[in-house]
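A.B. asks: First the structure, which I've put down as structure tokens, then a few questions once you've had a look.
Derivation of every value follows stated rules applied to the coordinates shown; laboratory data play no part. These numbers were taken from a predicted model, which means no experiment stands behind them. Here Cβ is always computed from backbone atoms with ideal geometry, including for glycine, and neighbour counts include all displayed protein chains.
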Amino acid sequence: MSFSVEIYYPAADAFFSRLAELYDEMDRAYNRTASAYGFDCKGCSDNCCRTRFYHHTHIETAYLLSGFSRLEADRREMIYRRAERVMAAQKENLTGADRLMCPVNRDGWCLLYAYRPMICRLHGLAHELHIPGKGKTFGPGCGEFERLCGNQSYVPFDRTPFYTKMAALEQDFKAHAGIQSRMKKTVAEMILDTAAGSAEDTPL
């Protein structure tokens, strides 16, 4: 399957270094907080890769797809076929469709781990947000976090700076690329919507 992220997101590379720096900041903050709790989700039976997350930024989509484009052709095809099955099950509203494994996860490992979106990086820990006009709001951690660390005192983990910086980066990227549409897609939808268009003239 042929694939080029430039078809959909011209000049996206110019913004990837800013996104990578923001991701690194997220990862360091997450790891510090998780370490303070002694929290490690490895081996979790309630794998967050089975959660249907929606992602809302074009820049993150472009970055994830740039990682997808670097995979070997057979892995891209495997992911594409898995994404087809996930979307078909969700469209038919089959039992368990909301808990299907993300198509880029293979044997418990994310094949695009370095390119994974913001919510994949921040999910799991109890956190707070500072929303203008609403003040501070708190969100719980994942089920595994609550089971292991729910009785501990809250360690501050503020997502607000990350959301704010991501929103600014997305605004800059959309202005540069001339994008006006909003984004709300799962990883499976990103892969299908974009890879299908790139492969129109190339048999799978």
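A.B. asks: Within segment 22-63, what residues put their amide N at less than 17 Å from the label point 7 Å along the Cα-to-Cβ vector of Gln90?
C.D. replies: Flagged as within label range: 47-58, 60-62.
A.B. asks: Then there is this: Starting at the first residue of segment 131-139, write each ³J(HN,Hα) from the Karplus equation 6.51 cos²θ - 1.76 cosθ + 1.60 with θ = phi - 60°, in whole Hz, x for Gly and Pro.
C.D. replies: For segment 131-139, the Karplus curve yields 9, x, x, 10, x, 8, 10, 10, x Hz.
A.B. asks: Using a Förster radius of 30 Å, what is the FRET efficiency between Phe138 and Ser181 based on their Cβ-Cβ separation? Nearest 0.05, please.
C.D. replies: Result of the calculation: an efficiency of 0.40.
A.B. asks: With contacts defined as alpha carbon pairs under 8 Å and 6 or more residues apart, what's the relative contact order of segment 64-158 in percent?
C.D. replies: Numbers: 69 pairs, mean separation 19.5, N = 95.
Relative CO of segment 64-158 lands at 20 percent.
A.B. asks: Taking a cut-off of 25 Å between Cα atoms, list the lysines near Lys134, but don't count ones fewer than 8 places away on the same chain.
C.D. replies: Cross-link targets: Lys165, Lys184.
A.B. asks: For the chain, what is the relative contact order in percent, using Cα pairs closer than 8 Å and at least 6 residues apart in sequence?
C.D. replies: Working: 223 pairs, mean separation 75.8, N = 204.
Once divided by the residue count of the chain, the mean separation gives 37 percent.
A.B. asks: Zone of Arg99 (label point 7 Å along Cα→Cβ, backbone N under 14 Å): which residues in segment 126-151?
C.D. replies: Residues 143-144 fall inside that zone.
A.B. asks: Right, something else. Check Arg106: other-chain or 5+ apart residues with amide H under 5 Å from its amide H, H built from backbone geometry?
C.D. replies: Placed amide hydrogens put Leu111 under 5 Å from Arg106.
A.B. asks: Continuing with the same structure: Using every Cα-Cα pair within segment 5-198, state what percent have a distance larger than 26 Å. Please report the intermediate quantities before stating the final value.
C.D. replies: Details: 6941 of 18721 pairs.
More than 26 Å apart: 37 percent of the Cα pairs in segment 5-198.
A.B. asks: Using R₀ = 35 Å, calculate the FRET efficiency as 1/(1 + (r/R₀)^6) where r is the Cβ-Cβ separation of His130 and Arg81; round to 0.05. Kindly include the intermediate steps, with their values, before the conclusion.
C.D. replies: Values: r = 42 Å, r/R0 = 1.20.
Calculated value: 0.25.
A.B. asks: Moving on to the next point. Where does each of 133-141, 13-21 land if you order them by average Cβ count within 10 Å, highest first? Walk me through the numbers before you get to the answer.
C.D. replies: Values: 133-141: 10.8, 13-21: 14.7.
Peptide ranking by packing, descending: 13-21, 133-141.
A.B. asks: Once amide H atoms are placed 1.01 Å from N in the peptide plane, what residues at a sequence separation of 5 or more from Asp158, or on another chain, have their amide H within under 5 Å of its amide H?
C.D. replies: Amide H neighbours of Asp158, under 5 Å, 5+ apart: Glu128.
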